[in-house]
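Here's the structure, in structure tokens; my notes come after.
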Amino acid sequence: MSCAVVDVLQLVKQCSTVEEAVEEVARRTGKSRYEAAYELMLQVKAGRLAVESGADNFLAYILGPGGAWLWLITATTAAAVALVFLAQSPPLIYLRYILGAFFVLFLPGYSLVEALYPRGDELSPLERLALSIGLSLAVVPLIGLLLNYTPFGIRLGPIAASLAAFTTAVVLYATYRKYRIESLGSTCRAT
């Protein structure tokens, strides 16, 4: 372990901000701020350091950078549902097919994978993709089966609404789990 790594680990135990830690590592080691920031990033990626998200509450988290993926999934879901009801002729019908396939075959499973594995390092991207498609192929028929026993039946409108409600609910839960993992509260820690 190099001297710079030991300094970085000691700085994190002091609960300093990232900017303060970069400045201190740069000052102690004589490296540039860029090199010090890179050293800190490597320690975070290796799991030796934990970084606070900066969000004081869940609302601040979803309105900040941590909630960007929530808004992207929600917007994609809303666009797919809007196209289901509004697109009746070309060229929008082709966009409806593409976005609809993505909406049915990927988004429900992806939201479920993110809820089950909220940390980014638990699965590789390929594993996340495969699980997302597989879970979508399992969840969508179950939602259809449940709809079969309701007065709405299995029609395009109820299926689109049910999938949108399921995806949105699970994405909100996944975002909350991500927030809970990223927020360290008032404690700083080195792992």
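The values are calculated or read from the model by the stated rules, or taken from the named source; none is laboratory data. These numbers were taken from a predicted model, which means no experiment stands behind them. In this analysis, Cβ positions are derived from the backbone assuming ideal geometry, glycine residues included, and neighbour counts consider all displayed protein chains. Keep in mind that these areas ignore ligands, DNA and RNA; they rest on the heavy atoms of the full protein, side chains included. Shrake-Rupley method; radii C 1.70, N 1.55, O 1.52, S 1.80 Å.
So here's what we get for this one:
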item	result
L145-D56 pseudo-label distance in nm [points 7 Å out on the Cα-to-Cβ vector]	4.7 nm
Accessible-area value, E20, 1.4 Å probe, nucleic acids and ligands omitted, Å²	110 Å²
Value of D in µm² per second that Stokes-Einstein yields for the range 85-191, Kirkwood Rh from Cα pairs, at 37 °C (0.692 mPa s)	210 µm²/s
Accessible carbon and sulfur surface of the range 42-191 relative to its total accessible area, %, 1.4 Å	70 percent
Extended-chain gain in nm, criterion 0.36 nm per residue less alpha-carbon gap, R180 and R48	45.6 nm
Heavy-atom accessible area ranking, 1.4 Å probe, most first, across I62, I98	I98, I62
FRET efficiency, 1/(1 + (r/R0)^6) with R0 25 Å, evaluated for L72 and L95 via beta carbons	0.90
Calculated FRET efficiency for the pair S32/F102, C-beta based, R₀ 45 Å, to 0.05	0.55
Cα principal axis extents for the range 65-147, largest first, Å	43, 35, 21
Packing rank of 128-137, 83-92, 168-177, where each peptide gets the mean count of other beta carbons within 10 Å, highest leading	168-177, 128-137, 83-92
